[in-house]
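Structure, as structure tokens:
Since every read-out is calculated from the coordinates, none of them should be taken as a lab result. Since we're looking at a predicted model, the values are computed, not measured. Don't worry about glycine lacking a Cβ; one is built from the backbone with ideal geometry, like all the others, and counts go over all protein chains shown.
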Amino acid sequence: MKSPTIALGIVLAVCASVAPLSQQASPGPIDPDDELRGIVAHPEVRRALALAHELEARAEQELIELTEIPAPPFEEAARAARYAELLGGTGLDNVAVDEVGNVLARRPGTGAGETVAIVAHLDTVFSPGTDVTVRRQADRLYAPGIGDNTRGLVLLLNVARAIVRAEVRTVADILFVGSVGEEGLGDLRGVAHLLSSSGSRIDQFIAIDGGSDSQVVNEAVGSRRYRVTVTGPGGHSWGDFGLANPAHGLARAMYYFDEAAAELVNAGPASSYNVGRIGGGTSVNAVPHESWAEVDMRSVDTDQLQRMDDVLRNAVARGLDEQNRRRDRGEALSADIELIGDRPSGIVVPDTPLVQRALAVTRFLGMTPRLGAASTDANLPIAHDIPAVTIGRGGVGGGAHSLDEWWSPRNAHVAVQRALLLLVASAGLAG
């Protein structure tokens, strides 16, 4: 693969001789690669691409600052307030924080009000109290949430700066968004509010998430999340031995779920399952009156999700039945299966212009594009039949959703250039 920087320089030189789109005849649909070469022929776009590279010099400082502002789901306010200040500092006007905590900034276009949204989420998966201090080791920065998705927020800032400073004008409005509630039990509440708001028309949607510079996510991985709560009478571990034990019943249920779900995942469409949290009880020497588990199930296929749903319910029924039959006195266990998260699956067909432009931009920057599937803020617009894709945040990273998460700035500017070009091509360059 060519170096992205070298490839960009070669193509820029070629594009310098291409006439602007406004001067070209267009008898039919424009090939996305030809369209992109025409866009980059404009001097303001070339200046924006150069700025995208230059701006990475200050990106690390902002990445560290934002990472060290905790942002668990439902507790993003402090990070949102600082992000609103930074977004305002890019030169965008009318920066605001909406009713649910999204940070918004609109850059008006010259057209009739169509809007392209570019979105990176503010929240991380980590609970309150997690140490988010950034530490350095060689060229890597380590901290929970530093890549997913704090780096995405910084990319969004640099795209805005490059467009504003280079005075790139578009036909459609551009809506820059730092969204809340993408992770965990946030259940995409930020984007849900954005799509339901009467003042937010969105015609195309670009999410910044994930670490790949070559992948174009056009398929939404749906998920269902449940909290399974098993309750019983509770009592003393010695004096009340023989009562039905919620912890034992829950453990049996999760065992049977694991056994049956594994067979289903191995034999069906792409899917996964996870028991992410387990809790309950009051003491090691007490029969708990309540035990609970949180379960995440994902698939690209809606029917597969329903099958996994059935597997979970059957496993809970079987686990409780066995534990209840083992008791020698007291009340039987009962269970509540509460839906706590529901993300739709779906697909944007590859020949959709937004997808084709994303593939063309990736090729333009010297990489081989590939389509993929993921669970991101783009799930909801896809479910609402709004063209949406997800592209990467740039750099190199690892350990996402772990305490040892890390990120390195290697070729990080390429992702900024990629997002910038896709945004401008989708919004239409104003002549």
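Sorting check: for 269-279, 208-218, 362-372, 230-240, which peptide has the highest mean count of neighbouring beta carbons within 10 Å, and how do the rest follow? Write down the numbers at each step before the final one.
Working: 269-279: 14.9, 208-218: 23.0, 362-372: 18.4, 230-240: 16.8.
For the peptides 269-279, 208-218, 362-372, 230-240, the packing ranking is 208-218, 362-372, 230-240, 269-279.
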>> Could you give each residue of the range 230-239 its phi-based ³J(HN,Hα) in whole Hz, using Karplus coefficients 6.51, -1.76, 1.60 with θ = phi - 60°, and x for Gly or Pro?
In response: 10, 10, x, x, x, x, 7, 5, 9, x
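Rounded to the nearest 0.05, what FRET efficiency do Asp351 and Asp321 give with R0 = 51 Å and r taken as the Cβ-Cβ distance? Could you check? Display every interim value, and only then the final one.
On the way: r = 51 Å, r/R0 = 1.00.
After rounding to 0.05, the efficiency reads 0.50.
With a 10 Å radius around each residue's Cβ, average the other Cβ atoms per peptide and rank 382-393, 85-96, highest first. Kindly include the intermediate steps, with their values, before the conclusion.
Numbers: 382-393: 22.5, 85-96: 15.6.
Answer by packing, highest mean first, reads 382-393, 85-96.
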>> Run the simple label-point estimate for Arg58 and Arg329 please: 7 Å along Cα→C-beta, distance reported in nm.
In response: 7.4
> How large is ³J(HN,Hα) for each residue in the range 290-301, as worked out from phi by the Karplus curve 6.51 cos²θ - 1.76 cosθ + 1.60 (θ = phi - 60°), to whole Hz, x for Gly and Pro?
Replying inline: 7, 9, 9, 9, 10, 10, 10, 10, 9, 6, 7, 10
> Can you give me the Cα centroid spacing of the range 78-153 and the range 42-64 in angstrom?
Replying inline: 17
> How would you rank 424-430, 133-139, 412-418, 338-344, highest first, on the average number of other Cβ atoms within 10 Å across their residues?
Replying inline: 412-418, 424-430, 338-344, 133-139
